[in-house]
Amino acid sequence: MRIAIIGIGRLGSVFARVLSRGHELLLIDRDFEAARVVASEIGAQPIKDIAEARTCDMAIITVKPAHVEEVVRQIKDAQLIVSCAAGVPIRKLESFGAERVIRVMPNICAEVGEAVIAYALHPEVEKKEKVFMTAFSSLGMCIKTDESHLDTITGASGSGPAFVAFFAEAMIEEAVKNGLARETAEKCVAQTFLGTGKLMRSGWSAQKIIETVASPGGTTEAGLKMLESKGANKAIHEAVRYAAHKARELGK
Ligand SMILES: NC(=O)c1ccc[n+]([C@@H]2O[C@H](COP(=O)([O-])OP(=O)(O)OC[C@H]3O[C@@H](n4cnc5c(N)ncnc54)[C@H](OP(=O)(O)O)[C@@H]3O)[C@@H](O)[C@H]2O)c1
């Protein structure tokens, strides 16, 4: 497929690297040099004229929410517009002129093909869903959802890798403080997160994992009690809620 990616920043460059393995890519950024550098690494085409995105099977928008309008207005009649911008609703994208649009909330785990790709679309765009899936299924697990859930998903999984990494970094730091080499600590913690995720995907609930690891009077129980006494659960609830709230604010 011929795909344009508009906004070659953090997310756009990750998408570009992965999608370049099976598609012809046009990369567009208002800093042409940034697009050129990424394009030369992956064998894609850097493009100056954003209107060329209209000639592609799909135009993926990975600019900040505040810049979405100026982009959409220039590619209104593109075959398919996929907007990754947090908080910007489909009705707003349509009010900017988008004719066929899918709204997506991905995450950065696309780099390793393990993203959550939550997406919403109007029934009349369903005929474009196959085209969308051809590209996005290589980035991770695609979940079709009602648009009203996308801001909540932004808090849970769009921002999620950073929340998980925040927890991981604290575990690594503590292990290093106690004498472990950073490289070893990073490996142990990364594998622990990977294994826990796989357990959950295999059907274990988070609660079951907690109960199975925390034997009464043991080390895990002591650690969990400390987390509770410090209000960690409440802090995580608030972080996820604030991220979702921020997404709603950005879309206004
Ligand atoms: N990062 C993530 O993990 C993540 C996860 C889920 C969703 N998202 C969504 O993805 C979008 C991009 O996030 P990001 O973190 O990748 O942002 P970013 O690093 O700031 O990248 C955006 C890029 O788009 C460029 N740009 C801005 N306006 C443009 C225009 N009119 N035409 C062409 N290029 C333009 C920016 O240039 P300047 O720097 O000059 O403005 C920048 O290079 C956001 O809407 C965000 O909500 C991100």
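The values are calculated or read from the model by the stated rules, or taken from the named source; none is laboratory data. This one's a predicted model, so the numbers in the text were calculated from it and none came from an experiment. Positions of Cβ are backbone-derived with ideal geometry, glycine not excepted, and every protein chain shown enters the neighbour counts. What goes into the accessible areas is simple: the full protein's heavy atoms, side chains included, and nothing from ligands, DNA or RNA. Shrake-Rupley method; radii C 1.70, N 1.55, O 1.52, S 1.80 Å.
Values for this structure:
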| read-out | value |
| --- | --- |
| Computed accessible area, THR134, all protein chains, 1.4 angstrom probe, square angstrom | 80 |
| Protein-only accessible surface order, largest first, of MET226, MET133 at 1.4 Å | MET226, MET133 |
| Check: the stretch 188-252 dipole with +1 on Lys, Arg Cβ and -1 on Asp, Glu Cβ, in debye | 320 |
| Rounded to 5, percent antiparallel among DSSP beta bridges of the stretch 2-145 | 15 |
| Selected from VAL38, VAL101, VAL131 as most flexible by GNM, with the chain as the system and alpha-carbon contacts under 10 Å | VAL131 |
| For the stretch 2-145: span of alpha carbons on each principal axis (Å, largest first) | 38, 31, 24 |
| Heavy-atom surface of the chain, accessible at 1.4 Å and reported per residue (Å²) | 55 |
| Exposure of ARG73 as accessible area (Å², to 10), given a probe of 1.4 Å and all protein chains | 110 |
| The chain, accessible surface, carbon-and-sulfur percent (1.4 angstrom probe) | 57 |
| Rounded to 5, the percent of DSSP beta bridges in the chain classed as antiparallel | 15 |
| Heavy-atom accessible area ranking, 1.4 Å probe, most first, across CYS188, CYS56 | CYS188, CYS56 |
| LYS252, LYS128, reordered so the largest accessible area comes first (probe 1.4 Å) | LYS252, LYS128 |
| Charge dipole (debye, nearest 20) of the chain; +1 at Cβ of Lys and Arg, -1 at Cβ of Asp and Glu | 220 |
| Cα-based convex hull, the chain, per residue volume (Å³, whole number) | 145 |
| Net dipole in debye of the stretch 2-145 [+1 Lys, Arg Cβ; -1 Asp, Glu Cβ; about Cα centre; nearest 20] | 220 |
| With all protein chains modelled, accessible area of PHE96 [1.4 Å, Å²] | 20 |
